[in-house]
Amino acid sequence: MNKPAPLVELRDLWKSYRKGSETIDAVAGIDLDLPERGMVAIVGPSGSGKSTLLHVIGAMDRPTRGSVRVAGRNLGDIPQGELTRFRREVVGFVFQTFNLIPNLTAVENVALPMEFSGVARAARASRAKALLERVDLGQRARHRPNELSGGEMQRVAIARALANEPPVVLADEPTGNLDSATGRLIYELLQAIARERTVVVVTHSEELARLADRVLHLRDGRLSNAAHDHSAREARSGA
């Protein structure tokens, strides 16, 4: 039986920056396959390349060299002008600072990506309401961000990330502005979402990373061990 193709495939991936006369390799020679479903945590200290790696997977940044394939598309073959559409349809983003539009209600924030994708008004309103119900915020649909707690704002952001039903969700330090109890609830919500799509989470927290199906450790732009990753389930069982 043929093994299914990975949803995300990185080959000899590098991302380098110039800093004066020095070249900084933020991502250095990464090879990685991620399947269609499941939650992957990328753990490492500040400056280890976690966010850079996430941005390259999400087509927010181009690699210096190497290849990135996501959902069957080689990102290097996508013209610059088409990358916005690719990000809108294939990748959902969740950020540490929520990035909600302050003058829009929760339901309007969730519906916005669908509006950009040309979804009819009635359909996007219905789906936005259903997504807010899914993250247990149906009763807060008409509230604006300044009327919501940090945890509620992040749940709105997660609902928005799912608006166009992307196969990949990328979350960059999604609990960085939240207390530990609220942070765990956010990770448990991402766990549930990962049953139907690929979720990649960047975090400093080893404790929260253990909730993922798979943990990758990144240091100085490189995956930090020969196996490139370990199973979080094995770590929890003491294997």
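The values are calculated or read from the model by the stated rules, or taken from the named source; none is laboratory data. Since the model is a prediction, treat every value here as computed from it, not as a measurement. Cβ placement follows ideal geometry from the backbone for every residue including glycine, while neighbour counts extend to all protein chains displayed.
Here segment 106-164 is the region considered, the condition is being closer than 25 Å to G183 by Cβ and of a type in the set (S, T, N, Q), and the residue that is surrounded by the most Cβ atoms within 10 Å (Cβ to Cβ) is Q154.
Of all residues in segment 81-93, those that are closer than 17 Å to D172 by Cβ have Cβ atoms under 8 Å from Cβ atoms of residues that are assigned to a helix (DSSP H, G or I) and of a type outside the set (K, R), 6 or more apart or on another chain, in V91/I57; G92/A161; F93/A161. Scanning segment 35-62 for residues that are over 14 Å from L223 (Cα atoms) and either among the aromatic types (F, W, Y) or touching a helix residue (DSSP H, G or I) at 6+ places or on another chain (Cβ under 9 Å) (or both) yields M39, V56, I57, G58, A59, M60, D61, R62.
Whether any residue in segment 172-192 is in a strand (DSSP E or B) and either surrounded by fewer than 21 Cβ atoms within 10 Å (Cβ to Cβ) or out of contact with any Lys or Arg (no Cβ under 6 Å at 6 or more places or on another chain) (or both) is what I want to check. Scanning segment 172-192 turns up at least one residue that is in a strand (DSSP E or B) and either surrounded by fewer than 21 Cβ atoms within 10 Å (Cβ to Cβ) or out of contact with any Lys or Arg (no Cβ under 6 Å at 6 or more places or on another chain) (or both).
On the stretch given as segment 205-239, residues that are at pLDDT 90 or above, assigned to a loop (DSSP other than H, G, I, E, B) and among the small types (G, A, S) total 2. Of the helices (runs of 4 or more DSSP H) lying entirely inside segment 46-128, those containing at least 3 residues that are touching an Asp or Glu at 6+ places or on another chain (Cβ under 7 Å) span 50-57. Select from segment 1-24 the residues that are outside any loop (DSSP other than H, G, I, E, B) and over 25 Å from V169 (Cα atoms) and list them in ascending order. Matches in segment 1-24: Y17, R18, K19, E22, T23, I24.
Look at segment 42-67: where a residue is in contact (Cβ under 8 Å) with a residue 60 or more places away in the chain and a partner is among the basic types (K, R) and in a helix (DSSP H, G or I), sitting 6+ places away or on another chain with Cβ atoms under 7 Å, you get I42/K50; G44/K50; G58/R87. Consider only pairs whose beta carbons are under 7 Å apart and that are at least six residues apart or on different chains; among these, list those whose first residue lies in segment 169-180 and is farther than 12 Å from I158 by Cα and whose second residue is assigned to a strand (DSSP E or B) and among the aliphatic types (A, V, I, L, M). Close Cβ pairs (under 7 Å, with a partner that is assigned to a strand (DSSP E or B) and among the aliphatic types (A, V, I, L, M)) amount to E173/V202.
Looking at segment 80-105, which of the residues that are more than 22 Å from V199 (Cβ to Cβ) and touching a Lys or Arg at 6+ places or on another chain (Cβ under 8 Å) is surrounded by the fewest Cβ atoms within 10 Å (Cβ to Cβ)? Among residues in segment 80-105 that are more than 22 Å from V199 (Cβ to Cβ) and touching a Lys or Arg at 6+ places or on another chain (Cβ under 8 Å), the one surrounded by the fewest Cβ atoms within 10 Å (Cβ to Cβ) is P102. Flag not set for P4, criterion: touching a strand residue (DSSP E or B) at 6+ places or on another chain (Cβ under 8 Å), closer than 30 Å to L189 by Cβ and surrounded by fewer than 20 Cβ atoms within 10 Å (Cβ to Cβ).
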